[in-house]
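Undergrad: Here it is: the structure, laid out below.
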Amino acid sequence: MLNRFTSWLVTPWTQHITRSNYQRTDIANLSTYDSVKNGKKKYFRNNWSKWKQVPDEFFEPIAFDEIMDWKVAGWELPIDVCCLIRATNKDTKKVKEFVYKQRKAADNRIKELITDQNIELCITTHDAQHYLSFQDDDEGDI
């Protein structure tokens, strides 16, 4: 018995898998294996027509206020993140996002971003969300 076990350790593991065992495994039957072999991506069918045929009574209606409470007011930042800052350029509508673990670094970034009047800021902390934008009046106050 011991000699048989030690011979199994010495020989390559591929010799111990018989062709019938290999064909029964899931790996041999995966279509993704064929797609990798052929260089083509596997096609995933879109079943939108089945969802379209489902009557409206099967879906539970959700009020707008519930969605706002759930998605907008229900944000969660990771514990190690202190602040998340989103700066949106008013002209190009491009958004830059900054994530900070230390409050001092976030304060420095906010001071830097406030100098540009063409940027709107959305600052998110664990407790609140703040929106800062320059007004279009003559004073130019935030």
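The values are calculated or read from the model by the stated rules, or taken from the named source; none is laboratory data. From a predicted model like this one, the values you see are computed outputs, not experimental measurements. All Cβ positions, even for glycine, are placed from backbone atoms using ideal geometry, and neighbour counts span all protein chains on display. Calculation scope for accessible area: heavy atoms of the full protein, side chains included, ligands and nucleic acids excluded. Shrake-Rupley method; radii C 1.70, N 1.55, O 1.52, S 1.80 Å.
Undergrad: Go over the candidates ARG4, ARG45 one by one and state the one that is open to solvent by 100 Å² or more (accessible area, probe 1.4 Å), at pLDDT 75 or above and farther than 30 Å from ARG109 by Cβ.
TA: So the residue among ARG4, ARG45 that is open to solvent by 100 Å² or more (accessible area, probe 1.4 Å), at pLDDT 75 or above and farther than 30 Å from ARG109 by Cβ is ARG45.
Undergrad: Among the residues of the stretch 119-137, which ones are open to solvent by less than 40 Å² (accessible area, probe 1.4 Å) and of a type in the set (A, V, I, L, M)?
TA: Matches in the stretch 119-137: ILE119, LEU121, ILE123, ALA128.
Undergrad: Turning to a different aspect of this structure: So which residues in the stretch 55-98 are open to solvent by less than 50 Å² (accessible area, probe 1.4 Å) and either touching a Pro at 6+ places or on another chain (Cβ under 6 Å) or at pLDDT below 90 (or both), if there are any at all?
TA: Those that are open to solvent by less than 50 Å² (accessible area, probe 1.4 Å) and either touching a Pro at 6+ places or on another chain (Cβ under 6 Å) or at pLDDT below 90 (or both): GLY74, LEU77.
Undergrad: Follow-up question, since we're still on this one. Just for the stretch 99-118: of the residues that are among the acidic types (Asp, Glu) and open to solvent by less than 90 Å² (accessible area, probe 1.4 Å), which one is nearest to PRO78 (Cα to Cα)?
TA: ASP107
Undergrad: Say whether the condition of being touching a residue at least 12 places away in the same chain (Cβ under 8 Å) and outside any strand (DSSP E or B) is met by at least one residue in the stretch 56-79.
TA: Checked the stretch 56-79: at least one residue is touching a residue at least 12 places away in the same chain (Cβ under 8 Å) and outside any strand (DSSP E or B).
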